[in-house]
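Step one of this worksheet: look at the structure below.
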Amino acid sequence: MNLMIRTICTAVVLAAWASGLALAAEAGLGEPIVPVAVTASSTQTASKAPGNLIDGSGLSETSPSSGVWVHNSNAYREKGVERGTMWSSGAAGGKTETKPTITFDLGKERTVGSFRVWNYNEARWTPLGFKEVEVSSSLDGEKFEPVGTAVFEQAPGDDDYEGQTVSFKQAVQARYIRLHCLTNWQGERSGLAEIRFYPGGAGGVDAIAPGVKPAVKARQREPNIPNPPRPALAGAENVVFPPDSGIIDVTAAPYNAKGDGVADDTKAIQAALNDYPNAGAIIYLPNGTYVISKTLRWPQGRGGGSEYKRTVLQGQSRAGTIIRLKDACPGYTDAAAPKEMVWTGGAPAQRFRNAIRNCTWDTGKGNPGAVGVRFNASNVGCLREVDIRSGDGSGVIGLDMAYTDEIGPCFVKHVGVTGFDTGVATKFGVNSITFEHITLRGQRQVGWHNNGQAITVRGLASENAVTAIRQDQWGGLFTLIDSKLTGTGDASALPGVRLLAGCMFARNVTVTGYASAIQKETKAGSEIVPGPLVGEWVSTRLPGSGPASLGLPVKETPDVPWDDPKDWAVITQFGAKMDGRSDDSDALQQAIDSGKTTVCLPRGSVTIKKPLVLRGKVRRLIGCEASLRFPTPMTGAANIFTVGESTEPVLVVERLTSWFWDNKAGLNFIDNPTRRTLVLKELGDVDDTSDQHPNGRGTLITGPGELFVEDVTGRFHLMPGARAWMRQMNPETNQDRRNTQLEAQWHLINEGGQLWILGIKTEGPGPVIITRGGGRTELLGGLMYSSGGARTQDQPAFIFEDSQGSATITEMNFSNNAYKTLVLLKRQGQTAFELKPR
């Protein structure tokens, strides 16, 4: 698997132009010219033929009649079908051609006013795209006259790419249009994805074949104005946003969901989802009861199954926003044919940044075939502050994370399940899931069924007359700490945990009302672990292991109050353009210095070219799924973001993503030289590590302020004295197969600090954690996906040099290149212990 996160601006990104041509940010261009033929001076392969430029392959409309067309990032596949979707140059004159020429035949003489171009958009290969381009025209295909020169923007390598419009300063009469690539974005050859030509000028509009969709037009970031917030529920959180935050309110036009507990709101909510596939949109449900009668499905979009990502369903409060299934609803009455209330995408592991927050899912009554929530997210994604309940106790599964392979890594926190045959179901060997503060009550068969997944749980409270946890697949690892399993009724004859296969680590688990705390069953017999307190127990202990885990002190992740919208500073109010090109740094710093306590980056792309200081009254920097771009080198500071002094003791930075391939700042992402507590949540790629930056250093953490991390991708390097508590970490190395040296390949480094981790998933070569210089590291649960992106694992998985540490983890490898050394212990430069796999 190639696990990557990429988000882009939903508005058209503008470029600089030279003589003869101009940009149009919005293209009200009418119908495209058809038919068109094309030839190229060279072609790489048959699947990269020039015909891919004019046949619409890889293009799709974001929603019916929206007029917004986007190109996918797969050059070889469209909507599940193997076919080429882009063109790239091949050999000419004995060498690969980087300055090719492509010629378009418009069928007859036409008046041409503009064209829309989608540059080469294959993920990881966007440098092949045209950059400086010479445009010329001809009536006969022999004599070409110059029209002008242009600079094509580099494509993002994303499935949400809207391209750009090139408008001629004066319309031309031509049958042939030629593009000559003068330079590209430093690729080894050159390519494009798609081109459409449009009529224009005083010469009139050409006849157009019927049935062709309108030209691309820029999509608005805010299609509706949220209704005034509904009243807060007494005693509940009140998650509300300002009107210019970019959220999509399902109760506002054009969706007009009622939320009155009577009307069927299925179509309204689904329409809102469908309008924003893979768009980083927050679909917002104010307090109310939303009745549904069919499955709510994450939007497929254009990718034929490669979408279902970057979508957030957000309620106003956990107790106040209720999605309820109709009683005795058709399709949900057969327990042998389970059907879910909400479905968030299947394999592969590309479901980046999916989330469901602050709401309740109620399966109603008379729906024995109901599944509450089928949730899937990859790398960064969360289920937070959610209740899943059966109206009458029946139903198949409450939280189903076993319905497809490759779920995770992701984070589930503050979730309760009441009723159902099974409370939580997890399955398959990749990619690990981390849970914290989970409540299970009233299940009829088992509280939690794990069938092979790497599961890490802290703070499970189960109250059931059935076994709380059952694991029955060899690859599973269940890490359980700080939990309480309470048996009622018939539970007195059952074990609290039944371990049929796989491994388990349990610490500080109280088990009452059961015959035993844990029952491990093997061919040789059963091992019984008595209750009521399991201080620490491990099913499989490796040679050389100490008597117990390190037991570092555990702290809860702190939070700050959710501010009233009047106390928010939205960066567009301070001049941020969020067009993917203009520098938004000054606007963001002005918002920070405005005296407001929450600073908001709306949905879209924020370009930062100057270092910033998070100071003053700011206690929350939140992106409404905004993406950050760092396109140019920065000077004047050591960090892109530096935490400044403030009367606010805690600073939360959350719901932002960046793309480490585009991080050209050359600075550390964030550091906190103050005594404030820094909390990072739902952040993507806080790193500059990739094939293009093979020695990226990760994010340096110096202290003295404490650091808390939840649901973040990126590498971290703790310096002496730093203290960090991390939950659901996903550090990935650059996967550069040419360089597997230690200085280039590592996931986390603790150099004299204190590091506690609940759940990790790593990918790529190099050590999982290096601890040295007196550092102390404790890792509780997770997955080493050692075959992902790694040619070989030349380095040990864990290195301890004059330091202390303990780790509970499993490894999954499909390439016969697993870690050759699991643990390397050094004292004063000498190897004291080396653990090899059995």
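Among (1) crowded, with 22+ Cβ neighbours inside 10 Å; (2) of a type in the set (Ser, Thr, Tyr); (3) at pLDDT 95 or above; (4) more than 28 Å from VAL446 (Cα to Cα), where does THR289 come up short?
Only one criterion is unmet by THR289, namely (1).
Table: residues versus (1) buried (at least 16 other Cβ atoms within 10 Å of the Cβ); (2) under 24 Å from the mean Cα position of the chain (by Cα); (3) free of Cβ contacts under 8 Å to residues at least 60 places away in the same chain.
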| site | (1), (2), (3) |
| --- | --- |
| VAL538 | yes, no, no |
| VAL554 | no, no, no |
| ASP559 | no, yes, no |
| PRO565 | yes, no, no |
| ILE571 | yes, yes, yes |
| MET578 | yes, yes, no |
| LYS596 | yes, no, yes |
| VAL599 | yes, yes, yes |
| PRO611 | yes, no, yes |
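Any residue at all in the stretch 798-807 that's hydrophobic (A, V, I, L, M, F, W, C), at pLDDT below 90 and farther than 27 Å from ILE407 by Cβ?
no
Could you tell me which numbered condition SER483 fails, if it satisfies all but one of (1) over 20 Å from LEU783 (Cβ atoms); (2) among the small types (Gly, Ala, Ser); (3) within 26 Å of the chain's Cα centre (by Cα)?
SER483 satisfies all of (1) over 20 Å from LEU783 (Cβ atoms); (2) among the small types (Gly, Ala, Ser); (3) within 26 Å of the chain's Cα centre (by Cα) except (3).
Which condition number does TRP661 fail, the rest of (1) surrounded by fewer than 23 Cβ atoms within 10 Å (Cβ to Cβ); (2) in contact with a Phe, Trp or Tyr (Cβ under 9 Å, 6 or more places away or on another chain); (3) modelled with pLDDT under 95; (4) under 30 Å from ILE356 (Cβ atoms) being met?
Unmet condition: (2).
Taking the condition of being within 20 Å of ARG458 (Cα to Cα) and modelled with pLDDT of 95 or more, how many residues in the stretch 403-430 meet it?
Adding up the residues that qualify gives 18.
How many residues does the stretch 233-263 contain that are over 16 Å from CYS359 (Cβ atoms) and of a type in the set (Phe, Trp, Tyr)?
Of the residues in that region, 1 qualify.
Test of understanding: among GLY789, GLY829, GLY775, which residue is small (Gly, Ala, Ser) and either at pLDDT 95 or above or closer than 17 Å to TRP725 by Cα (or both)?
GLY775
Looking only at the stretch 755-776, how many residues end up being closer than 18 Å to GLU732 by Cβ and outside any strand (DSSP E or B)?
5
So ASP159 clears everything in (1) touching a residue at least 40 places away in the same chain (Cβ under 8 Å); (2) outside any strand (DSSP E or B); (3) under 15 Å from ILE102 (Cβ atoms) except one condition, right? Which one?
(3)
Would you say THR632 is among the hydroxyl-bearing types (Ser, Thr, Tyr), in a loop (DSSP other than H, G, I, E, B), within 25 Å of the chain's Cα centre (by Cα) and surrounded by fewer than 18 Cβ atoms within 10 Å (Cβ to Cβ)?
When the stated conditions are applied, THR632 passes them.
In the stretch 416-433, how many are in contact with a Leu (Cβ under 6 Å, 6 or more places away or on another chain) and of a type in the set (Val, Ile, Thr)?
So the answer is 2.
Just give me the residues in the stretch 823-838 being out of contact with any Pro (no Cβ under 9 Å at 6 or more places or on another chain) and assigned to a strand (DSSP E or B), in sequence order.
LEU825, LYS826, ARG827, GLN830, THR831, ALA832, PHE833
Within the stretch 356-382, restricting attention to residues that are touching a Gly at 6+ places or on another chain (Cβ under 7 Å) and among the charged types (D, E, K, R), which residue is surrounded by the most Cβ atoms within 10 Å (Cβ to Cβ)?
ASP362
Consider VAL599 against the criteria (1) under 19 Å from SER245 (Cβ atoms); (2) in a loop (DSSP other than H, G, I, E, B): it satisfies all of them except one. Which criterion is unmet?
Failing condition for VAL599: (2).
For LYS267, work out the one condition from (1) surrounded by 24 or more Cβ atoms within 10 Å (Cβ to Cβ); (2) without any contact (Cβ under 8 Å) to a residue 24 or more places away in the chain it doesn't fulfil.
(1)
Please list, ordered by residue number, the strands (runs of 3 or more DSSP E) wholly in the stretch 482-526 having 1 or more residues that are closer than 20 Å to LEU542 by Cα and among the polar types (S, T, N, Q).
Fully inside the stretch 482-526 and qualifying: 516-522.
The values are calculated or read from the model by the stated rules, or taken from the named source; none is laboratory data. What you see is a predicted model, and the numbers here were worked out from it, not measured in a lab. Quick reminder, even Gly has a Cβ in these numbers, built from the backbone with ideal geometry, and neighbours come from all protein chains shown.
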